[in-house]
Structures are given as C-alpha cells and as structure tokens.
Amino acid sequence: MEFKLDKKVAMGAVVNICRLVLAVVFILSGFVKAVDPLGTQYKIDDYLEAMGMAEMLPSMVTLALSVAQSAFEFCLGIFMLFAIRRRLTSRLVLIVMLLMTPLTLWLALTNPISDCGCFGDALVLTNWQTFWKNVVLLVMAIVVAWKPLKMFRFVSRTNQWIVINYTVLFVLAVSLWSLYDLPQFDFRPYRIGTDLAQGWQKMMDGEESPYADLFIEKVDNHEDITEQVLTDESYNFLLVAPYLDHADDSRFDLINELYEYAQDHQYGFYCLTSSLQESIDRWRDMTGAEYPFCFTDGTLLKTVVRSNPGLVLLKQGVVIGKWSHNRLPNIEPAQQSLPLEQLPIGSINADSTATKIVRLMLWFALPLALLSIADRTWMWTRWLRRRKHGSSSPEQSQQDPNNPNQIKQQEK
C-alpha cells in the first residue's frame, strides 16, 4: 500500500511539473505575440509565402489571426497554470503540440524562414532548436493529457469564471492597445535608447550586426545619406512608412506641422519608404507633403516601428523616441520657438523594462494572485466547517460521493 501511495505521489509530481512548464511556455509565447500583433502578422505572412498561399488571405484576416493566436496561446497557458477545465485544456495543448511539432520539423528540414517566431523577437531560436523544444513539450503534453486530474487547482471551480473572463479581456486589451499605440515591450534592435550609429559602424567594419540592411537613399538623386543621418550631432525626424499605399493619412496635418518645426530649427526630416515613385507622388498630392523622401528596405522599416506611418526621432544616431500615427507628438504653438532640448520629446523618457514589468504585475498577476489566496482561504474555511462530515480536503467537502453529476463536475 505504501508503494502504491508513493507511486501516485510521484506521478502527481511529474504531471504538475510538466503542467507548469507548459503553462510558462504558452504564457510567454502568447504574451510576446500579444504585445506585438503586427510582428506576429508579419510572421504569419512569412509562413503563407513559404507555403505559396500569400495571396489567399487579405491583411485584415492575417491580423485577426495574429490577435486570435496570441490570445489562444496566452489563455491556454493561464488555464493550464490554474488547472481550469483540466481535461479540455490538456487536450487542447496536446492538439497544439501535435500540430506544431511536425510543422517545425518541416521548417528545420527545408528552412523556408529563418525562425518560427514562437517567442516573437524576445527569443529567437533556430529551426532545429525550435523542433527539439517542441519534441520535449509534446512529451510533457502527452503526460498531462494522460493524467489531467492530477493537476492541483489554484482556484476552485466556483471562481474559475473570473480567471477565464479576466484573462481573455486582458490579452485582447493588450493586443488592441499595441495596435493603437506601439508594443509595450520592444525586443527589436531599433528600440528606444539604441545607438544605431555605433551598430551601423560595426557593420561597416565587417563585424556581425543586425543593421546590415540599413540604408537611406534619397529618391530624387539616389544619394546615400545613411552615414549623414546617423552621425548628425543634431536631431533627425524619420517618418517611417513602409508602404504608402496602405499608410494612414488621417494625421498628415500634424506631420506637416512637425516638418515645419524641423525646418525652423534646422533639424533633418525624411520620409523613409519602400514604395515606388507613383505611390510617393500620390501621397504628396493627397497630403501636401513637402519633406524629402528616401528609399529604404520595406522589411527593415516594418522592424523599426510597428506603425504605418510611424515617427522616429534620432540624435547622434541614438533612438530618442518612437510614436505611432495615432500618438504623434503635438508641439503646442507656445513651444514652437523652443528647441527640442527644451521639450519633453527631445530626451529619452521611455519607461524602463522593469517599470513595465511592475505595471504588468499590478494589472494582471497581482489580481489573480489575490484571487487565488482569497479562494483558497474561502475553501479552507468551508472545509473546517464541514470537517465533521469526514471530508478529506476542502474541495472534496463539496462532493457527494454518491452523486454521479458532482463526480463528473470534479473531473473537469
């Protein structure tokens, strides 16, 4: 009897270790996609192009798929962590791993894209590393799906609906805000505070650098002004519009005002695009743009800022600020005469990663942790009150062993 008990305890420990690893992986994978839905959309487009299906789905559909994928992964991770609907959640995780493992094997063998994008830009794995990671996760998913009822709960069935609804609302809000503004966590090599000049110079010296594709070429005379922009000791505004035909033109008046301000203070102002001349001419006619246009690689521009158009401010090659077209800086008339050094936008004021993590903990992790503590306390007090009935655990105290409907509910 003692051997059987130890075996059950060991099996429970294995299942819960696998469950926690799967939960962490799915939460991280879903969250880094949720904070950068456009980046996830670009990766979906890469997959479709590799499969010869790039023209089958419009951009709005792939964007919706991006948001849905991130929400699905994040919710699965949270549900696995809290052991919510244990049978269903474990089976869904197993199905995901059964689908993803062969897919990543195909990626490793054929190498149609450089990385799978499992963790966005936060953690880039080779295709073979991704495959072997998925093999391990698949084994863990099989273990959990085999014995899902071994997962212990952090929240009782009574209060699981709170976790479900709060998780869904939170992850969708994160994605929608990132689409409106910019990703709250920027893992790309063009994030605020990055010294592009130093990185570009390393590339010019033959060292490995993520800025190998960085170039700025004037449209009018094809002059390469990359070095001029990156080494300029003053400020430079870069209006980043990868594809002008699809760029949002609702804020062109504010963009033109920023250009006039830059002209008054002799700051550089360039529109970087990969669009053809006819698209540039159409944009000029539509917005009255007088700023110079420069050619740059479209993929690079989508990496620089997740907005079309977006605005980047450089000083001496350092990224001082980045804004989406929805949140462009507005310099008040009384401030028009002031140089950027005297304005808030002229210096780096982005929140640190630590501050963003604390904010995330306060808005999401802390409420769920408090809910778990309150729920466990409530369950324990119920058990103490019902102890005289011989129940062996708080949750079992709610069960009638002769009631088949309650037994089925307990298995979920």
Practice task
Test Arg91 against the stated conditions and say whether it is open to solvent by 20 Å² or more (accessible area, probe 1.4 Å) and touching a Pro at 6+ places or on another chain (Cβ under 6 Å).
Solution key: no
Practice task
Examine the stretch 298-310 for a residue that is within 25 Å of the chain's Cα centre (by Cα), small (Gly, Ala, Ser), under 15 Å from Pro329 (Cβ atoms) and assigned to a strand (DSSP E or B), and state whether such a residue exists.
Solution key: yes
Problem - Among (1) part of a helix (DSSP H, G or I); (2) open to solvent by less than 10 Å² (accessible area, probe 1.4 Å), the one test that Cys294 misses - result: (1)
Practice task
Please enumerate the residues belonging to the stretch 97-131 that are touching a helix residue (DSSP H, G or I) at 6+ places or on another chain (Cβ under 9 Å), within 26 Å of Val35 (Cβ to Cβ) and hydrophobic (A, V, I, L, M, F, W, C).
Solution key: Met97, Met100, Leu103, Leu107, Ile113, Cys116, Cys118, Phe119, Ala122, Leu123, Leu125, Phe131
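Given the structure, is Leu238 assigned to a strand (DSSP E or B), at pLDDT 90 or above and farther than 17 Å from Leu340 by Cα?
It is false that Leu238 is assigned to a strand (DSSP E or B), at pLDDT 90 or above and farther than 17 Å from Leu340 by Cα.
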Exercise for the section: Residues being open to solvent by less than 10 Å² (accessible area, probe 1.4 Å), assigned to a helix (DSSP H, G or I) and not β-branched (Val, Ile, Thr): count how many of those fall in the stretch 255-278. Expected result: 3
Practice task
Might you check whether a residue that is free of Cβ contacts under 8 Å to residues at least 40 places away in the same chain and either touching a Leu at 6+ places or on another chain (Cβ under 8 Å) or over 30 Å from Leu360 (Cβ atoms) (or both) occurs anywhere in the stretch 15-25?
Solution key: no
Problem - the stretch 244-276: number of residues that are acidic (Asp, Glu), farther than 26 Å from Leu230 by Cβ and in contact (Cβ under 8 Å) with a residue 12 or more places away in the chain - result: 3
Exercise for the section: Go through the residues of the stretch 72-79 one by one and say whether even a single one is more than 16 Å from Tyr166 (Cβ to Cβ) and open to solvent by less than 20 Å² (accessible area, probe 1.4 Å). Expected result: no
Practice task
Looking only at the stretch 185-206, decide whether some residue is open to solvent by less than 40 Å² (accessible area, probe 1.4 Å) and closer than 21 Å to Ile78 by Cα.
Solution key: yes
Problem - Residue in the stretch 219-228 that is nearest to Val318 (Cα to Cα), counting only those that are open to solvent by less than 50 Å² (accessible area, probe 1.4 Å) and in contact with a helix residue (DSSP H, G or I) (Cβ under 9 Å, 6 or more places away or on another chain) - result: Thr226
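The values are calculated or read from the model by the stated rules, or taken from the named source; none is laboratory data. Not measured: the values here are computed from a predicted model. Neighbour counts run over all protein chains shown; Cβ positions are idealised from the backbone, glycine included. Protein only, heavy atoms only, side chains kept; ligands, DNA and RNA dropped before computing areas. Shrake-Rupley method; radii C 1.70, N 1.55, O 1.52, S 1.80 Å.
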